[in-house]
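Q: Submitted below is the structure of interest, expressed as structure tokens.
What follows draws every value from the coordinates through simple rules; no lab data is involved. Note that this is a predicted model, so its numbers are computed, not measured. Neighbour counts are summed over all protein chains in view; Cβ atoms, including those assigned to glycine, are modelled from backbone coordinates with ideal geometry.
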Amino acid sequence: MIKPLLIAALALIAASAHAADTPDSLMARYAAAAGVPAATLSAERGAAFYRSERPGRDGKPASCTGCHTADPKQAGRSRVGKRIEPLAPVANPERFTDAAKVEKWFRRNCMDVLQRECSAQEKGDFVAWLKQIK
Amino acid sequence: MNYLLRGIGVLAATGTAVVLGFSLSAGAAHGDGGENMLPRLSHKAWQQECASCHVAYPPSLLPKASWRRMMSGLDKHFGENASLDPATQADILKFLEANAANSGNKVPRRMAANEAPLRITETRWFVHEHDEVPRATWSRKSVGSAANCAACHRQAEQGNYNEDAIRIPK
């Protein structure tokens, strides 16, 4: 008798699991992976990381701002011209609510801009910076 | 949580996903409002993943072989990393193959049998359809590139590529 209820409860947990993340839970996760206390993640380092220009694959300088603009509260534009919703949670509450999605985009975009994966420290600083933007 | 319960949870979640998958991959036709009205397809992963950066290009505009090439090179997708987890990648490829250009439609009629182009904009069909658009129009800031269908085909997201839904931005 209790089985259907359990199944329903477990299905609910499974369905909501991906949406349970927050900027804070992601920061805790990245800090732990980097082996540092979450309180030491630095918004300043995150901002500098976002703005820094690096040699792109085709010789042209590459930076996060290329698609996301200099202001993370503004919508960006993909290379093809499609709108990218703002990065800052204050302008787009859906940001940093799905760890799998966050990881997917770090993996792709870090490979494009830095030609390597980003470190846990870099990711943690990045989220810490965007989270505190008012 | 013991393993039995965990197993039940996984089964329940998988069941839900399978039911969801079936209802989504069915893809309802949109009626035939003109020759450039493409079937309005729905497939969750295709829309979610492919349409993050660009219009979810209609699968019927490239043959199966093209989609296989495309999906096996996502880490170098026109100069960008668009890699996916293997399960999502396989799921999307299956959908693309099922809805790819087939011998009955006009795109492959203009293509050699062994062609597997990656750019829709380079197919003879596309070039022919757009031959009246001046080069300068493509490079307008409001358009960006020929890959930005929705700049002019305002209802591209709905599969409507009819002439009367075209508005070329300044």
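Q: If you filter segment B:98-150 for trypsin sites (Lys or Arg not before Pro), then keep DSSP loop positions with at most 15 other Cβ within 10 Å, what is left? Write out the running numbers ahead of the final one.
A: On the way: sites: B:Lys106, B:Arg109, B:Arg110, B:Arg119, B:Arg124, B:Arg135, B:Arg140, B:Lys141; in loops: B:Lys106, B:Arg119, B:Arg140, B:Lys141.
When the trypsin sites (Lys or Arg not before Pro) of segment B:98-150 are filtered for loop state and at most 15 Cβ neighbours within 10 Å, B:Lys106, B:Arg119, B:Arg140, B:Lys141 remain.
Q: By the gyration tensor of its Cα atoms, with a ≥ b ≥ c the square roots of the eigenvalues, what is the shape of segment A:35-87: rounded for a/c under 1.5, prolate for a/b over b/c, or oblate?
A: Note, shape of segment A:35-87 comes out oblate.
Q: Which FRET efficiency value, to the nearest 0.05, do you get for B:Thr88 and A:Gln115 by plugging their Cβ-Cβ distance into 1/(1 + (r/R0)^6) with R0 = 22 Å?
A: Once rounded, the FRET efficiency stands at 0.40.
Q: Among the lysines in segment A:40-134, how many pairs, 8 or more places apart or on different chains, have alpha carbons under 17 Å apart?
A: Lysine pairs meeting both conditions in segment A:40-134 amount to 7.
Q: B:Arg68 to A:Asp71: FRET efficiency via 1/(1 + (r/R0)^6), r the Cβ-Cβ distance, R0 30 Å, to the nearest 0.05? Numbers along the way, then the final one.
A: Numbers: r = 40 Å, r/R0 = 1.34.
Given R0 = 30 Å and the Cβ-Cβ separation, E is 0.15.
Q: Which of rounded, prolate or oblate describes segment A:71-133 when judged by the alpha-carbon gyration tensor and an a/c cut-off of 1.5? Let's see the in-between values first.
A: Details: a/c = 1.70, a/b = 1.10, b/c = 1.54.
Since a/c reaches 1.5 but b/c is at least a/b, the shape of segment A:71-133 is classed as oblate.
Q: Per the helix-only calculation at 222 nm, which mean residue ellipticity applies to chain A, given -39500 (n - 2.57) for every DSSP H run of n ≥ 4 and division by its residues, nearest 500 deg cm²/dmol?
A: Value at 222 nm, helices only, nearest 500: -15000 deg cm²/dmol.
Q: While we're here: Helix check for chain A. Which DSSP H runs span at least 27 Å along their own axis by Cα, with a mean Kyte-Doolittle hydropathy no less than -1.0? If you can, show how the numbers build up before the last one.
A: Numbers: long enough: none.
What comes out of the filter, once short or polar helices are dropped, is none.
Q: Here is a follow-up. In whole angstrom, how far apart do the alpha carbon centroids of segment B:51-79 and segment A:43-84 sit?
A: Measuring centre to centre over Cα atoms gives 24 Å.
Q: Here's a follow-up. Excluding A:Leu87 itself, calculate the net charge of residues whose Cβ lies under 12 Å from the Cβ of A:Leu87, where each Lys or Arg counts +1 and each Asp or Glu counts -1.
A: Around A:Leu87, the surrounding residues sum to 0.
Q: Order by neighbour count: A:Ser119, B:Ser52, B:Ser72, fewest other Cβ atoms within 10 Å first, most last.
A: B:Ser72, A:Ser119, B:Ser52
Q: Still on this structure: Does segment B:70-120 classify as rounded, prolate or oblate by the C-alpha gyration tensor (a ≥ b ≥ c root eigenvalues; a/c under 1.5 gives rounded; else a/b over b/c gives prolate, otherwise oblate)?
A: Judged from the Cα gyration tensor, segment B:70-120 comes out oblate (a/c at least 1.5, b/c at or above a/b).
Q: Hey, another quick one. If one computes P(r) from the Cα atoms of chain A, what percent of pairs lie at distances over 17 Å?
A: Values: 5643 of 8911 pairs.
The calculated P(r) of chain A puts 63 percent of pairs beyond 17 Å.
Q: In which sequence would B:Ser142, A:Ser25, B:Ser66 go, from the one with the fewest C-beta neighbours within 10 Å to the one with the most? Mind showing how you got there, number by number?
A: Values: B:Ser142 12, A:Ser25 15, B:Ser66 23.
So the ranking, lowest neighbour count to highest, is B:Ser142, A:Ser25, B:Ser66.
Q: Let me ask you something else. Can you give the extra length, in nm with one decimal, that the chain gains between B:Gln48 and B:Lys141 once fully stretched, where that is 0.36 nm per residue apart less the Cα-Cα distance?
A: Extra length available between B:Gln48 and B:Lys141 comes to 30.9 nm.
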